[in-house]
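Working notes for the structure below.
The values are calculated or read from the model by the stated rules, or taken from the named source; none is laboratory data. Values in this document were obtained by computation on a predicted structure and should not be read as measured data. Backbone-built Cβ (ideal geometry, glycine too); neighbour counts: all protein chains shown. Ligands, DNA and RNA are excluded from the accessible area calculation, which covers all protein heavy atoms including side chains. Shrake-Rupley method; radii C 1.70, N 1.55, O 1.52, S 1.80 Å.
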Amino acid sequence: VHLLDTGLKENSEVENESENDASGAPQGVGTPVPQPAARGRTQVRGLCVFHIQHYVYYCSNAMIGILSMTSRVVKDLPTALDHLAILTMLKQRATYSIRENEGFRDRMLRALVETREELGHGQVEDVGIRYHLTLSKSFWIGRRKKLFTPKIASLDSVLSSWDKFNELHLEFSDTSGRISRGLINRHSPADLEANWQRFKQAYIDTCACSLTASGAAVAELRCENQTPALDRIKPSDDDYDDDDADDADGDDVSRRELAFRLTLARRLESMAAGN
C-alpha cells in the first residue's frame with residue numbers, strides 16, 4: 001500500500017519548481033513516502049514514520065532534482081537514521097562535479113561507487129535503495145499534479161529514464177534549467193503538443209516496464225490532498241478486444257501490457273483535458 005506525501009515545502013507547487021530542474025540540483029519537490037496522520041513527517045528532514053496496526057515503521061528518503069532515493073522500511077529508528085546518513089552522503093557527492101562537464105548521470109554513478117568504497121558494498125546494499133522520478137507537466141496537467149515513475153532498484157535504469165525526460169525538459173527550459181510560465185507566448189501550439197506526446201510515450205514506456213506477473217504496475221499520480229488518481233492499474237477485459245488477443249498469440253503478459261498502456265494513455269489524456 002502506497003501513501004503519498006504532498007511535498008517537503010509548500011512552494012514546491014510554484015511552477016518554476018514544479019517543472020523540475022532537470023540539471024539534477026536539489027529542489028524542494030515532494031516525493032511519495034509512507035505516512036500516517038500528520039503526513040508522516042518527523043523533526044528530521046528525510047525521515048518518515050508510519051504505523052501499521054500496533055507497530056511503528058521508519059524509512060528514509062532524499063531527493064536530487066527529480067530523482068528520489070528511498071530506503072527500505074525498518075522497525076528501529078537507529079537503523080533508519082543510518083540509512084538517512086548514507087542517502088545524504090550519496091546526495092552530497094552527486095551534487096558537485098570533480099571534473100569539467102561532468103553530467104548528472106556521471107555524478108550519480110560516481111557517488112554510488114565512492115560511497116560503496118568508503119562504507120563497504122554490504123552496508124550500502126543494506127539500505128535497500130529504490131529510485132524513482134517525480135515529474136510534472138504544468139502546462140498540460142496543472143501545477144499541483146505530479147507523476148511518479150515506479151520505484152526500482154536499478155540506478156542505471158532510472159538514469160536511462162532520467163535522460164529521456166531531461167531531453168524533453170531542455171526543449172523549453174531556460175539557461176538555469178527552469179521552465180517559466182507563459183510557454184504559449186514563447187512556443188507554438190504544435191511544438192507544445194509534440195513535446196507532450198513524446199512525454200506521454202516516455203512515461204507510459206517507463207511505467208510499462210514495471211508490470212508484474214499479476215498485471216499491476218505502480219504508476220502513481222499525486223494530486224494535492226487527494227488519494228492517488230492512478231495507482232496500481234489493473235486492466236479489465238474491456239481494455240483489449242479479440243484482435244488484440246490474436247496479435248498477442250495468447251500471451252497474457254503482452255495482453256496485460258497492452259491494456260495497461262491503453263489505460264494509462266487514456267488517464268493522461270483525461271488529465272490534460274480536465275486542466
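Considering every residue within region 187-195, establish whether at least one is at pLDDT below 90 and either among the charged types (D, E, K, R) or within 23 Å of R130 (Cα to Cα) (or both).
Looking for residues that are at pLDDT below 90 and either among the charged types (D, E, K, R) or within 23 Å of R130 (Cα to Cα) (or both), one finds at least one in region 187-195, hence yes.
With respect to the numbered conditions (1) modelled with pLDDT of 90 or more; (2) in contact with a helix residue (DSSP H, G or I) (Cβ under 9 Å, 6 or more places away or on another chain), which one is the sole condition not fulfilled by L81?
Evaluating L81 over (1) modelled with pLDDT of 90 or more; (2) in contact with a helix residue (DSSP H, G or I) (Cβ under 9 Å, 6 or more places away or on another chain) leaves (2) as the failure.
Look at E114 and say whether it is charged (D, E, K, R) and open to solvent by 60 Å² or more (accessible area, probe 1.4 Å).
Taking the combined requirement at face value, the residue does not satisfy it.
Please count how many residues of region 119-155 are touching a residue at least 12 places away in the same chain (Cβ under 8 Å), open to solvent by 30 Å² or more (accessible area, probe 1.4 Å) and more than 17 Å from N61 (Cβ to Cβ).
Residues meeting the conditions: 8.
Do you know which of the residues in region 253-275 that are within 18 Å of T149 (Cα to Cα) and of a type outside the set (A, V, I, L, M) is least open to solvent (accessible area, probe 1.4 Å)?
Only one residue fits best here, namely F260.
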